[in-house]
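Written below as structure tokens is the structure these notes are about.
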């Protein structure tokens, strides 16, 4: 199982989409749980989104740090990127990346 699949599996459990079945000793889909629009966005392909994975959260966090005014170096440290170039690669897909990519500490 990929990390992305495991992440989505854990989200399904956290949201109550999948529940523990003591008789089967495993998680099963809750037949009474209808996915909300937000859960559908996170867990399934839609016309506008792909299912969530670790890197989508990391990119959103990077963008939020830039929007909050952190410098590129501060954002690199907070996100655990090995280098500023790795962070800039992540920033390339972000609409607000200019807030931090070119700032100095």
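The values are calculated or read from the model by the stated rules, or taken from the named source; none is laboratory data. Keep in mind it's a predicted model, so treat the numbers as computed, not measured. Here the Cβ is made from the backbone with ideal geometry for all residues, glycine too, and neighbour counts use every protein chain on show.
Worth pointing out:
- Some residue of the range 82-101 being outside any helix (DSSP H, G or I) and modelled with pLDDT of 80 or more: yes
- Test: residue in the range 23-46 that is touching a helix residue (DSSP H, G or I) at 6+ places or on another chain (Cβ under 9 Å), modelled with pLDDT of 80 or more, surrounded by fewer than 16 Cβ atoms within 10 Å (Cβ to Cβ) and in a strand (DSSP E or B): yes
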